[in-house]
Amino acid sequence: LLFASSIRFSPILFFYITSLAISTASLLPANSFHRVQDQAEALSSELDQLRTSAEIGEQILQSNNANQLLNSLVYLIKDKFGHDFAAIFLVSKNNPGFLRLRAATGKFGADRMAANEHVPIDENSHIGWTAVRKTLHHLKDTTVLTNDATQFQLPTTKSEVFIPHVFQNSLQGIL
């Protein structure tokens with residue numbers, strides 16, 4: 001089309017160019033189509049994640065109740081990202097050496113909330129380890145854990161991710 005002004009396209013010329021394009025496409029490796037399809041699916045997934053992030057941001061802006069906001073966020077994260085469980089631990093105001101469970105999903109989360117769960121900020125648990133190091137921790141295979149409550153309460157969970165929230169190098173909490 002760059003030279004469209006100097007060449008008059010007749011229906012026959014258009015037919016030949018279209019045929020050439022179709023023939024060229026058929027010569028592409030068979031996996032090219034699948035690669036393009038995979039890339040389109042990856043972009044669609046990223047778009048869904050961006051939409052969810054925008055929903056989270058919208059809820060934050062609209063909420064004036066911290067407890068309600070945290071509960072909404074854990075369920076939104078669980079449902080939109082397809083997780084079995086989500087929880088938010090924040091650094092305890094009364095005891096800064098501990099993280100306090102502030103919101104969690106499902107019966108497992110409700111039981112932990114009722115128990116007023118606190119986790120020490122040390123390296124003796126995955127949550128504590130993440131808090132000490134202030135870095136993401138991905139436990140890829142929960143089946144290797146022997147005495148982990150998650151295994152018994154959430155048997156379909158096969159991996160866990162612990163994400164620290166750090167502001168100005170100060171730990172705020174763990175998702």
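The values are calculated or read from the model by the stated rules, or taken from the named source; none is laboratory data. Remember, predicted model here, so these are calculated numbers, not experimental data. Positions of Cβ are generated from backbone atoms using ideal geometry, with glycine treated the same way; all protein chains shown enter the neighbour counts. Heavy atoms of the whole protein, side chains included, go into the accessibility calculation; ligands, DNA and RNA do not. Shrake-Rupley method; radii C 1.70, N 1.55, O 1.52, S 1.80 Å.
Note on the stretch 49-94: residues that are free of Cβ contacts under 8 Å to residues at least 12 places away in the same chain, more than 24 Å from K107 (Cα to Cα) and either of a type in the set (D, E) or touching a His at 6+ places or on another chain (Cβ under 6 Å) (or both) total 1.
The set of residues from the stretch 91-101 being open to solvent by less than 50 Å² (accessible area, probe 1.4 Å) and within 23 Å of T157 (Cα to Cα) comprises L99, L101. If you go through the stretch 120-139 and pick out every residue that is under 17 Å from S170 (Cα atoms) and of a type outside the set (K, R), you end up with 11. Filtering the stretch 85-105 to residues that are part of a strand (DSSP E or B) and of a type in the set (A, V, I, L, M, F, W, C) leaves A87, I88, F89, L90, V91, F98, L99, L101, A103, A104.
Check A104, A131, A115 and return the single one that is open to solvent by 50 Å² or more (accessible area, probe 1.4 Å), among the small types (G, A, S) and modelled with pLDDT of 90 or more. Result of the check over A104, A131, A115: A115. The residues of the stretch 37-74 that are open to solvent by less than 90 Å² (accessible area, probe 1.4 Å) and in a loop (DSSP other than H, G, I, E, B), listed by number, are S63, N65.
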